[in-house]
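Structure, as structure tokens:
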Amino acid sequence: MIRVGLGFDSHEFEEGKPLLLGGVKIDYPKGLKGHSDGDVLLHAITDALLGAVGEEDIGQLFPDTDEKWKGAGSEVFLKEALRRAKERGFRLINIDCVLITDEPKIAPYKQAIRKRLSELLGLAEENISLKGKRREGFCREEGIACLCVVLLSYEG
Ligand code: MG
């Protein structure tokens, strides 16, 4: 049995906050607004994993009304989603992600992000795809959006 999961997230820019994408610090003057560190890529992957195995979504599991998650490193959310998937007998096969943003450019960071995701997910880099796409006039340039799809197989 295989299961697919889709994750989406978007965050508005915030001046003077560090920008983290996939757990990697990006050299950019603005970060992403959010109760946690605002790592839009890790949030999308987390939601894709949770969706694939029929768990509640990231907002329900880690509510932004809970002080416990204020300023939280998003790696905590990802690790918990992965733990729940494994607990249900699933193994991650591959992930494919799209970051939608004009700035910063994703290409210079692509390898570093894939490497970090590989460590976090216990997945070979060849099974981790990351693409940066410009908005091409769609929506206003006020933040970053991310889509992620994951595939898991049931190992029992
Ligand atoms: Mg988010």
* Of all accessible heavy-atom area on the chain, the percent that carbon and sulfur account for (1.4 Å) -> 50 percent
* Structure fact -> Cysteines of the chain without any disulfide-compatible partner (other Cys Cβ under 4.7 Å) are Cys139, Cys146
* Asked: Going from most exposed to least, what order do Arg116, Arg140 have by accessible area with a 1.4 Å probe?
  -> Arg140, Arg116
* Structure fact -> Sequence order, the range 4-18: Karplus ³J(HN,Hα) from phi using 6.51 cos²θ - 1.76 cosθ + 1.60, θ = phi - 60°, Hz rounded, Gly and Pro as x, gives 10, x, 10, x, 9, 7, 8, 9, 7, 5, 9, 4, x, 10, x
* Could you give the spread of the C-alpha atoms of the range 62-139 along their three principal axes, from largest to smallest, in whole angstroms? => 40, 35, 20
* Do the alpha carbons of any pairs in Lys33/Lys86; Lys25/Lys70; Lys33/Lys133; Lys25/Lys131 sit beyond 28 Å of each other, and which pairs? -> Lys33/Lys86
* Heavy atoms of Lys133 accessible to a 1.4 Å probe, total area in Å² rounded to 10 -> 110 Å²
* **Accessible area (Å², per residue) of the chain, counting only protein heavy atoms and a probe of 1.4 Å** => 51 Å²
* Structure fact -> So the angle from the long Cα axis of helix 110-121 to the longest Cα principal axis of the chain, reported in degrees to the nearest 10, equals 40 degrees
* Structure fact -> Whole-Hz Karplus couplings 3J(HN,Hα) for the range 66-71, θ = phi - 60° and coefficients 6.51, -1.76, 1.60, Gly and Pro as x, run 8, 4, 4, 9, 5, x
* Structure fact -> The relative contact order of the chain, taking Cα pairs under 8 Å that sit 6 or more residues apart, comes to a percentage of 34 percent
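What value, in deg cm²/dmol to 500, does the helix sum -39500 (n - 2.57) over DSSP H runs of n ≥ 4 give at 222 nm once divided by the residues of the chain?
Helix-only estimate at 222 nm: -8000 deg cm²/dmol.
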* **0 to 90° range, to nearest 10: angle between helix 40-52 axis and the chain longest Cα axis** => 20 degrees
* Roughly how tilted is helix 75-87, in degrees to the nearest 10 and between 0 and 90, from the longest Cα axis of the chain? -> 20 degrees
* Structure fact -> the range 83-105 and the range 27-50 have their Cα centres apart by a whole-number Å value of 12 Å
* Asked: Once the whole set of protein chains is in place, how much accessible area is left on Val149, using a 1.4 Å probe, in Å² to the nearest 10?
  -> 60 Å²
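The values are calculated or read from the model by the stated rules, or taken from the named source; none is laboratory data. Predicted model, so just to flag it, every value in this text is computed and none were measured. Quick reminder, even Gly has a Cβ in these numbers, built from the backbone with ideal geometry, and neighbours come from all protein chains shown. Calculation scope for accessible area: heavy atoms of the full protein, side chains included, ligands and nucleic acids excluded. Shrake-Rupley method; radii C 1.70, N 1.55, O 1.52, S 1.80 Å.
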